[in-house]
Structure formats: C-alpha cells, structure tokens
Amino acid sequence: MHKLKYFRRKISITFSVITIFSQYSCSNKINPSQNITIASSGKIESIDPARVSTLKSYQLLNALGDTLYELNNKGELIPKLAESKPIFSEDKLKVSIKLKKNILFHDGTPFDSSSMKFTIERFQNIGTLNYILNKKIKSIETPTKELLIINLTNPSSSIEGLLTSINLTPISPEFYKDHFDKFLNNNFMGTGKYKLKRFSNEIQSLSPNQSYWGNKAKNNGINFIGYNNSSALYGAFISKQVDVLLSNSIEDTLRYRLNLLSKKKDIQENQSAPIEISFISLRTNKTPLNNTDIRLAIAKSLNRELIRNKVSFSLRNSATSLIPLIFKTNNSVSWPDFDPKESMKIFREQGYCDGNIFNLPLTYRSNVPTDKLIAFYWQQSVKAEMKDCFSISINGVESTTIYKNLSKGIYPSVILDWTGAYSDPEAYLSPLLSCDKFIGNKCLKGESVFSGSFWASEKVERLFKESENLEGVERLNKLLEIEKIASKSLPYLPIWTSSQKAWAQKYISKPIFNGAGIIKMSELAKNEK
C-alpha cells in the first residue's frame with residue numbers, strides 16, 4: 001500500500017490567504033464571489049487518475065469525473081456511467097457491463113466501451129495504485145459501444161468494489177492518446193459535472209459542465225485551494241474568506257473549536273463514516289522486532305484511550321482493528337488491548353527490565369499535526385507506567401521522506417494512516433498484508449515491504465486467493481480470518497479511525513458525503529448571506 005508512488009500525503013505550501021486572493025483578483029477568469037471556495041491543507045501534485053492517491057486529489061477528481069459505479073451510504077452498488085449492475089458469467093470469469101449512451105467527455109469525445117477499455121489498460125500499465133487490480137484482469141472486450149466485457153484471470157469477488165475506484169475514472173482516449181504510458185499531471189478530460197478551468201498545485205478552479213448528462217451542479221463553480229497550515233485554514237474560515245473547510249490535516253484542537261461552533265449553530269458541520277485508519281508499522285524483518293513476543297509487549301503498551309482523549313478530544317474512535325467497523329459489522333477480531341503489567345511481564349521474560357530497558361525508536365510525520373501528539377503521549381504513558389522496562393525515543397521526519405524510505409527498512413516503527421482505494425475490507429488488508437515473494441515470515445517483495453513492516457504469511461496469501469471465490473458473509477469471514485492471523489503476529493498496531501469532516505458557513509448548504517467519504521461538491525449551494 002505505502003509505496004512512495006501512492007502513499008504521498010499533503011505537503012505544506014507557502015501561499016497565504018492574501019496571496020491566493022490577490023491571484024484571484026488579477027484574473028478575470030476567476031470570480032471568488034460567484035464560486036464556492038473550498039479549502040484544505042497542502043497541494044495537489046497531479047490530477048491524473050492513474051497517479052492520484054491522496055484524499056484531496058480524490059475530492060477533486062470526484063467533481064471532474066464519473067466512475068462506472070459508486071457506493072451509497074448504505075454500501076450499495078449504484079450504477080453511474082454504467083446502465084445497470086455488472087452481470088457475471090456462470091464461471092465468474094466474465095463480467096459484462098452495459099454502459100449509458102450519449103455521454104460526452106469534456107472535449108466532446110464520446111464515452112463508450114473503447115474509452116473505458118483505454119482507461120483501465122492505461123491504469124494497469126502506469127497506475128501508481130495498479131496493485132489493486134493485482135493481475136485480476138486477463139483481457140477486455142468491446143463487442144459494441146455500449147457493452148464492456150472484462151475477462152478475469154480468476155473469479156474475483158472484489159471486482160465490484162474495484163469498479164467504484166476513483167482511479168478508474170474514465171478519461172478521453174483522444175485527449176490522452178500521447179499519455180498512455182506517461183502521466184498528464186496538470187490537466188483532465190473526463191465526463192464529470194465540472195470542467196477543469198485552472199490548475200496549479202495550490203489552486204484549482206472548476207466551472208460547471210453545461211453539457212453534463214445527469215443532474216447539473218447546484219453552484220456556479222468551485223475554487224479549491226490549499227493553505228500552508230492549520231492556523232491559516234482555521235483563520236480563513238472564521239473570517240469567511242473560505243466557504244467550506246475540509247478536515248484533512250487540521251489540528252484536533254481546531255477541530256474541537258469548530259465542533260463547538262457547530263453545536264452553537266454558528267456554522268454547519270457534517271462527517272463521513274469513519275473510513276481512515278491510523279496505525280503504527282513495525283519493521284518485523286530485523287532484530288529485535290522480528291520477535292513476536294516483543295511486538296506483543298509493545299502492543300500492550302499502547303494506551304489508545306489516553307491518546308484518543310488527549311489528542312482528539314474524544315472526537316475520533318479508538319481502533320483495535322485494521323478494518324474500519326463500517327466494513328466488519330462487528331468486533332469479532334480484535335488486536336491486543338492496553339495492559340502495561342502484562343507488557344512488562346513479557347519484557348522481563350525476554351530479558352529486559354531492571355537496568356536493561358528496551359528502547360523503541362518511533363518516527364512520526366512532522367507535517368501531520370496529530371502524529372507528534374500521538375508519539376508524545378505514548379512516550380509519556382510508557383514513561384509513567386513502564387519506565388523500568390520500556391522507553392520510546394521519538395523523531396519527526398517530513399512525510400515524503402518517510403514514504404520514500406519505508407521500503408528501505410530505515411524505520412523500526414513509524415506512524416502512518418490509510419484510506420482504502422475502494423470501499424471494501426480487502427482494500428485495507430491487502431495493501432498492508434499481501435506479499436508477492438517471501439521467505440518464512442519475511443516479505444522480500446510486495447505491499448508489506450512498501451508499508452515498512454516486511455511481514456508475510458503463506459497462509460494469508462492462500463486465504464486472500466480463497467476469498468476471491470466467495471461472496472457475502474463467507475467472504476467477510478475469510479478476510480476476518482486473515483486479520484486474526486495478523487492480530488496475533490502484530491506487524492502493525494491500530495490506533496484510531498477517523499471520519500472525514502467538512503464545515504460550511506451558514507449561507508452554504510450542509511456538506512454531503514458519499515459512501516466513500518468524498519464530499520459532493522456539486523451539491524453545495526449558496527444561500528443569501
């Protein structure tokens with residue numbers, strides 16, 4: 001999951017509120033009084049569906065493009081560019097998808113089965129997240145313009161979820177004909193409710209697509225801007241220079257203030273289901289963390305409730321699972337709970353304590369506000385409860401540097417987070433636990449290398465394959481069996497799950513999220529101030 005390619009997170013930028021709006025005023029193409037201004041932290045490096053991997057870029061792509069299917073808030077598969085739900089052959093190796101007619105890309109090119117084939121094959125070829133297809137697709141047929149047939153290598157129960165992925169947002173084959181094998185980062189030509197009017201890493205301007213095939217946007221356009229830090233974001237929103245504020249990378253102290261303002265009805269607040277998981281990755285391929293008992297002792301030292309209360313003001317939910325509860329329905333599989341006495345007992349059995357203190361180097365992302373606080377309160381909790389046996393030394397490193405070095409095995413432990421590329425339990429387990437080449441429990445090549453754990457299990461790989469032939473409860477139980485194995489081996493320590501939040505001024509309609517935690521920009525409307 002965590003290759004540098006697709007594990008990039010938001011990077012601080014240098015534009016202030018004054019700079020951004022002076023740029024707006026200098027351009028007769030952008031009028032912030034007519035558009036709705038949405039703000040979040042960081043910048044967008046690419047708008048290419050084959051490359052994007054951050055929540056912020058997903059937000060933007062969701063407004064500019066459509067997917068074949070989407071999930072509603074009940075987790076149901078809803079046709080979008082598809083005319084109806086996919087039809088599977090008796091042997092489950094052929095997926096037939098009927099497409100809607102008379103839909104045009106922004107450049108006037110017709111959307112049809114050939115353009116969908118072009119999009120999928122391009123993603124297979126260069127996509128930074130192409131592991132999600134994992135050689136599932138054998139070939140694609142286009143017998144008619146309205147019929148797409150996907151031939152699978154093996155039966156795949158996850159294919160429906162994959163067809164909702166924003167990374168498979170259809171693109172115009174005419175516009176991208178010279179970019180089949182390379183990214184087009186600063187432009188986009190899709191079928192969505194908005195057209196891209198202006199793109200820079202810090203500012204993106206969207207105008208309504210007047211030729212959109214479905215319901216039109218309820219506003220005159222969107223200005224999507226990035227700020228350099230939480231304080232700038234909060235200040236711009238409070239001063240009403242920003243109409244809508246998104247929660248990514250905003251400090252929890254400011255989230256708490258915004259929550260209080262919403263309770264007083266001074267602003268509006270809404271949130272998605274909790275779909276982001278924060279966790280600690282432990283490097284399991286080197287001494288001493290290759291010892292499962294040591295990892296268990298570390299796991300039992302993690303006081304999630306303390307961290308939740310101190311860092312998030314109880315606004316987030318503690319997690320003892322890698323799969324958000326929304327995808328599990330129950331907590332039948334749970335990772336070890338906080339138990340400092342048991343942790344010290346294990347450390348003693350392993351030859352530590354009484355003068356021989358086990359020290360864990362913990363790295364956190366210096367540009368992610370909560371990471372430093374998580375590291376600090378865990379460090380202080382261990383110092384208060386277990387100082388004779390265990391200590392934690394913490395070090396902050398900028399996120400892009402961390403992502404670049406994860407697969408090099410530089411960090412014994414590191415704080416990370418992840419939101420599934422599509423709404424399915426497998427999208428949380430496979431990016432962390434799957435491995436293509438391994439010796440024993442050491443992963444040599446695969447996703448767990450890129451997440452920094454280097455953990456592998458032959459049984460887990462077999463269960464992943466078996467799950468692809470199952471559906472419904474049987475499939476979920478097979479995936480939970482995978483998680484149960486991981487919860488005993490402990491290559492990761494779940495911390496909490498987070499919801500995506502949005503705050504809007506009173507003169508803006510209440511933000512709405514889809515089932516994937518993406519805000520529906522087209523549903524935002526301005527009322528009289």
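Could you pull out every one of the strands (runs of 3 or more DSSP E) wholly within the stretch 66-185 that has 2 or more residues that are more than 28 Å from the chain's Cα centre (by Cα) and basic (Lys, Arg)?
Ranges flagged: 94-98.
Looking at the stretch 324-346, which of its residues are among the aliphatic types (A, V, I, L, M), modelled with pLDDT under 95 and touching a Leu at 6+ places or on another chain (Cβ under 7 Å)?
Kept after step one, since they are among the aliphatic types (A, V, I, L, M), are these residues of the stretch 324-346: 325-326, 333, 344, 346.
Applying the additional criterion that residues be modelled with pLDDT under 95 yields 325-326, 333.
Answer for the stretch 324-346, where residues must be among the aliphatic types (A, V, I, L, M), modelled with pLDDT under 95 and touching a Leu at 6+ places or on another chain (Cβ under 7 Å): just VAL333.
Please identify the pairs in which a residue from the stretch 71-88 that is in contact (Cβ under 8 Å) with a residue 24 or more places away in the chain has its Cβ atom under 9 Å from the Cβ atom of a residue that is of a type outside the set (Val, Ile, Thr) and loosely packed, with under 13 Cβ neighbours inside 10 Å, counting only partners at least 6 apart or on another chain.
Between residues of the stretch 71-88 that are in contact (Cβ under 8 Å) with a residue 24 or more places away in the chain and residues that are of a type outside the set (Val, Ile, Thr) and loosely packed, with under 13 Cβ neighbours inside 10 Å, the close pairs are GLU83/LYS101.
With respect to SER207, determine if the residue is in contact with a Gly (Cβ under 6 Å, 6 or more places away or on another chain) and under 27 Å from LYS80 (Cβ atoms). Working first, answer last.
Working: in contact with a Gly (Cβ under 6 Å, 6 or more places away or on another chain): yes; under 27 Å from LYS80 (Cβ atoms): yes.
Yes.
Yes or no: the stretch 274-293 includes at least one residue that is assigned to a helix (DSSP H, G or I), over 30 Å from TRP503 (Cα atoms) and at pLDDT 95 or above.
Within the stretch 274-293, one or more residues are assigned to a helix (DSSP H, G or I), over 30 Å from TRP503 (Cα atoms) and at pLDDT 95 or above.
Would you pick out the residues in the stretch 204-239 that are surrounded by fewer than 21 Cβ atoms within 10 Å (Cβ to Cβ) and in a strand (DSSP E or B)?
SER207, PRO208
Can you list the helices (runs of 4 or more DSSP H) found entirely within the stretch 396-469 that contain at least 1 residues being without any contact (Cβ under 8 Å) to a residue 40 or more places away in the chain?
Numbers: elements: 399-405, 426-433, 447-450, 458-467.
In the stretch 396-469, 399-405, 458-467 are the helices (runs of 4 or more DSSP H) which contain 1 or more residues that are without any contact (Cβ under 8 Å) to a residue 40 or more places away in the chain.
What's the total number of residues in the stretch 489-501 that are surrounded by 22 or more Cβ atoms within 10 Å (Cβ to Cβ) and closer than 27 Å to GLY192 by Cα?
Residues in the stretch 489-501 being surrounded by 22 or more Cβ atoms within 10 Å (Cβ to Cβ) and closer than 27 Å to GLY192 by Cα: 2 in total.
Name, by its number, the condition in (1) in contact (Cβ under 8 Å) with a residue 40 or more places away in the chain; (2) within 23 Å of the chain's Cα centre (by Cα); (3) under 22 Å from TYR256 (Cα atoms) that does not hold for SER366.
Among (1) in contact (Cβ under 8 Å) with a residue 40 or more places away in the chain; (2) within 23 Å of the chain's Cα centre (by Cα); (3) under 22 Å from TYR256 (Cα atoms), the lone unmet condition for SER366 is (1).
Is it the case that some residue within the stretch 223-239 is touching a Phe, Trp or Tyr at 6+ places or on another chain (Cβ under 7 Å), farther than 29 Å from SER366 by Cα and small (Gly, Ala, Ser)?
No: the stretch 223-239 contains no residue that is touching a Phe, Trp or Tyr at 6+ places or on another chain (Cβ under 7 Å), farther than 29 Å from SER366 by Cα and small (Gly, Ala, Ser).
If the requirement is being aliphatic (A, V, I, L, M), farther than 30 Å from ILE346 by Cβ and surrounded by fewer than 23 Cβ atoms within 10 Å (Cβ to Cβ), which of these qualifies: LEU245, LEU296, LEU261, LEU306?
Only one candidate passes the filter, namely LEU261.
Being in contact with a Pro (Cβ under 8 Å, 6 or more places away or on another chain) and either more than 26 Å from ASN405 (Cα to Cα) or β-branched (Val, Ile, Thr) (or both) narrows it down to one of ILE298, ILE267, ILE250, ILE238, so name that one.
Result: ILE250 is the single residue among ILE298, ILE267, ILE250, ILE238 that is in contact with a Pro (Cβ under 8 Å, 6 or more places away or on another chain) and either more than 26 Å from ASN405 (Cα to Cα) or β-branched (Val, Ile, Thr) (or both).
Residues checked against (1) under 26 Å from SER423 (Cβ atoms); (2) at pLDDT below 95; (3) surrounded by fewer than 18 Cβ atoms within 10 Å (Cβ to Cβ); (4) acidic (Asp, Glu):
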position	(1), (2), (3), (4)
SER96	yes, no, yes, no
LEU99	yes, no, no, no
GLY108	no, no, yes, no
GLU141	no, no, yes, yes
PRO155	yes, yes, yes, no
THR169	yes, no, no, no
TYR176	no, no, no, no
GLY190	yes, no, no, no
TYR194	yes, no, no, no
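If you scan the stretch 279-293, which residues turn out to be among the hydroxyl-bearing types (Ser, Thr, Tyr) and surrounded by fewer than 21 Cβ atoms within 10 Å (Cβ to Cβ)? Break it down stepwise before answering.
First, the residues of the stretch 279-293 that are among the hydroxyl-bearing types (Ser, Thr, Tyr): 281, 284, 287, 292.
Hits for the stretch 279-293 are THR287, THR292.
Of a type in the set (Lys, Arg), over 21 Å from GLY42 (Cβ atoms) and assigned to a helix (DSSP H, G or I): does that describe ARG257?
no
The values are calculated or read from the model by the stated rules, or taken from the named source; none is laboratory data. The structure displayed is predicted, hence computed values, not measured ones. Cβ sites come from the backbone with ideal geometry, for glycine too, and all protein chains shown count toward neighbours.
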